[in-house]
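Trainee: I have a structure here, written as structure tokens, and I will follow up with some questions on it.
Where a number appears in this text, it was derived from the coordinates with a stated rule and is not lab data. Just so it is clear, the structure is predicted and the values come from calculations on it, not from any experiment. Positions of Cβ are backbone-derived with ideal geometry, glycine not excepted, and every protein chain shown enters the neighbour counts.
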Amino acid sequence: MANGLSPEQTSQLSRSSIKQLIKKYNDSKQQDKATLSLIIEQLARTPLYFAVEKGSDVKNGTLRFVTLTTGGQVFIPVFTGPDDFGSLADKGEAVCLEPESYFRMLLESNCHAVINPFGSYFLMWPELIKNYMLPFTVELKDLAQQKNQ
């Protein structure tokens, strides 16, 4: 905590940064590759929120995600904060998950995910997660472990 912020405060700042980066990326019509790299980096470090069906067993990891369907495609919605749940707020409970955990779950489900689907949104598809996001997260974890040795 060298910066004087608690881990939760740091995560909250990072989630706010993700929202700003997504808006900037969308404003560029998904052409700003530097911003895309920053989004991937922030996502690899930041716990995000998921809507799970009421009654999901969070402690045992039995999560039933609330999903959205559009054009025949099923998406798992992901949120930078509980305030972004929009109409899903009444359909589920908010659960905050660490990046490595949710990247692995998304890959196992082979579903697309959408961050903040009710505002300036960002799509995550399985290949993006598998080839860029999860490896970056694992690399960060390995670096942190080496630093602590």
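Trainee: If each DSSP helix of 4+ residues adds -39,500 (n - 2.57) and the sum is divided by the residues in the chain, what number results at 222 nm, nearest 500 deg cm²/dmol?
Mentor: Working: 4 runs with 60 residues, N = 149.
Per the formula, -13000 deg cm²/dmol.
Trainee: Can you give me the P(r) profile for the chain? Cα pairs, bins 10 angstrom wide beginning at 0, each as a whole percent.
Mentor: P(r) over the chain, rounded to whole percents: 11, 40, 38, 11, 1.
Trainee: What relative contact order, as a whole-number percentage, does the chain give when Cα pairs under 8 Å and 6 or more residues apart are counted? Intermediate results must be reported in sequence, preceding the final value.
Mentor: Working: 198 pairs, mean separation 35.0, N = 149.
Relative contact order of the chain: 23 percent.
Trainee: With a sphere of radius 11 Å drawn around the Cβ of L21, what net charge do the other residues whose Cβ falls strictly inside it have (Lys, Arg +1; Asp, Glu -1)?
Mentor: Neighbourhood net charge equals +1.
Trainee: To continue, here is another question. Name the residues whose placed amide hydrogens come within less than 5 Å of the amide hydrogen of M124, ignoring near sequence neighbours (fewer than 5 apart) on the same chain.
Mentor: Amide H neighbours of M124, under 5 Å, 5+ apart: A113, V114, I115.
Trainee: Now for a different question. Shape verdict for the stretch 30-82, please, from the Cα gyration tensor: rounded (a/c under 1.5), prolate (a/b greater than b/c) or oblate.
Mentor: Verdict is oblate for the stretch 30-82.
Trainee: Given the chain, what count of lysine pairs have C-alpha atoms under 28 Å apart, with each pair 8 or more places apart or on different chains?
Mentor: For the chain, qualifying lysine pairs total 22.
Trainee: For the stretch 45-51, take each phi angle, set θ = phi - 60°, evaluate the Karplus expression 6.51 cos²θ - 1.76 cosθ + 1.60, and give the result in whole Hz per residue in order, putting x for glycine and proline.
Mentor: 10, 10, x, 10, 9, 10, 8
Trainee: Name the longest site-free stretch of the chain, where the excluded sites are trypsin sites (Lys or Arg not before Pro) in a DSSP loop with no more than 16 other beta-carbon atoms within 10 Å.
Mentor: 92-149
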